[in-house]
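Q: Below is the structure I would like to discuss, written out as structure tokens.
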């Protein structure tokens, strides 16, 4: 082995790797009340979505009383909807599909976006321009519009909705990942690992990615919030995988005509979606403030 190589390896071993504060970022963000409140909202709704079908007093499509009955008696805790079905039971059934689709599509989009962003930032050549211009083309179209076009052409299939939302999520994540990774790429410890001959995949995954984990956690919560909104909007427009099934977005559309007489059929899912998006937003805001050092003096 040449003397130059020996010196490079020695320098790499001596060069301290920057501390990865992001590994404890989520735990430290819980010192802020906004993060705790957001996590509480999300936890309550996730528990409802998971155990709801097991504790629902009626089946989602069971007729229990005359349509649009007010709460009480045979109409149940929240009354009945436009078909005489128990609103409370349908509410308990309706959150699972939205949460599953939003979580899966967001995770797929985030993984793809981070991979594209890291490759673009690390390449520092024509590949960077090609990848980012392709992302710009996709981002030029509104997220809901691309999802509507895909679902309208090919049908409201579960896999298609997930793929459409993941496709529109990835470019936005890629832009953030590239922006966060570019300063890290220029640091000395990246050059040291390159001189050691480490594979590019290992450099991206073990050296570069941990140093952008904080911004990526914030972006993931933001993308999850948008995914929940898009999926609920598609269901409201009648483009859910099962339009007749219990779904918070579908419930709003089906029961909006009775808001004046029996509002709970639409109001209950509206409140659930609002609290869910508010909760993910508060978590993301708490992580962002912790990463930036904001409100640190007011932590408990």
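The values are calculated or read from the model by the stated rules, or taken from the named source; none is laboratory data. As the structure is a prediction and not an experimental result, all values here were calculated from the model. A quick note on method: Cβ atoms are made from the backbone with ideal geometry, for glycine too, and the neighbour counts reach across all protein chains shown.
Q: From the list 258, 235, which one is in contact with a helix residue (DSSP H, G or I) (Cβ under 9 Å, 6 or more places away or on another chain), more than 30 Å from residue 119 (Cα to Cα) and crowded, with 24+ Cβ neighbours inside 10 Å?
A: Details: 258 fails: crowded, with 24+ Cβ neighbours inside 10 Å.
Criteria check complete, one pass: 235.
Q: Given the structure, is residue 271 surrounded by fewer than 24 Cβ atoms within 10 Å (Cβ to Cβ), at pLDDT 85 or above and touching a helix residue (DSSP H, G or I) at 6+ places or on another chain (Cβ under 6 Å)?
A: Values: surrounded by fewer than 24 Cβ atoms within 10 Å (Cβ to Cβ): yes; at pLDDT 85 or above: yes; touching a helix residue (DSSP H, G or I) at 6+ places or on another chain (Cβ under 6 Å): no.
It is false that residue 271 is surrounded by fewer than 24 Cβ atoms within 10 Å (Cβ to Cβ), at pLDDT 85 or above and touching a helix residue (DSSP H, G or I) at 6+ places or on another chain (Cβ under 6 Å).
Q: Provide a single number: the residues in the range 200-238 that are closer than 28 Å to residue 174 by Cα and more than 18 Å from the chain's Cα centre (by Cα). Let's see the steps before the verdict.
A: Step one: filter the range 200-238 for residues closer than 28 Å to residue 174 by Cα, giving 200-235.
Next, only the ones that are more than 18 Å from the chain's Cα centre (by Cα) stay: 200-211.
Here the count works out to 12.
Q: Answer yes or no as to whether residue 122 is farther than 30 Å from residue 177 by Cα, within 26 Å of the chain's Cα centre (by Cα) and buried (at least 17 other Cβ atoms within 10 Å of the Cβ). Step through it out loud before you land on a result.
A: Numbers: farther than 30 Å from residue 177 by Cα: no; within 26 Å of the chain's Cα centre (by Cα): yes; buried (at least 17 other Cβ atoms within 10 Å of the Cβ): yes.
Spelling it out, it is not the case that residue 122 is farther than 30 Å from residue 177 by Cα, within 26 Å of the chain's Cα centre (by Cα) and buried (at least 17 other Cβ atoms within 10 Å of the Cβ).
Q: Between a first residue in the range 160-186 that is modelled with pLDDT of 90 or more and a second residue that is not in a helix (DSSP H, G or I), which pairs have beta carbons less than 8 Å apart while being 6 or more apart in sequence or on different chains?
A: 161/239; 161/241; 168/141
Q: Same structure again: Among the residues of the range 37-77, what is the count of those that are under 23 Å from the mean Cα position of the chain (by Cα) and buried (at least 16 other Cβ atoms within 10 Å of the Cβ)? Show your work before the answer.
A: So in the range 37-77, the residues under 23 Å from the mean Cα position of the chain (by Cα) come out as 37-52.
So of that shortlist, the ones also buried (at least 16 other Cβ atoms within 10 Å of the Cβ) come out as 38-39, 41-42, 45-46, 48-49, 52.
Result for the range 37-77: 9.
Q: Within the range 118-138, can one find any residue that is under 25 Å from residue 270 (Cα atoms) and in contact (Cβ under 8 Å) with a residue 12 or more places away in the chain?
A: no
Q: Quick one: count up the residues across the range 150-199 that are loosely packed, with under 13 Cβ neighbours inside 10 Å and farther than 30 Å from residue 231 by Cβ.
A: 5
Q: Could you list, in sequence order, the residues of the range 132-148 that are over 19 Å from residue 250 (Cα atoms) and either surrounded by fewer than 20 Cβ atoms within 10 Å (Cβ to Cβ) or under 17 Å from the mean Cα position of the chain (by Cα) (or both)? Outline the logic, then answer.
A: To start, the set of residues in the range 132-148 that are over 19 Å from residue 250 (Cα atoms) comprises 132-143, 146.
The answer is 132, 133, 134, 136, 137, 138, 139, 140, 141, 142, 143, 146.
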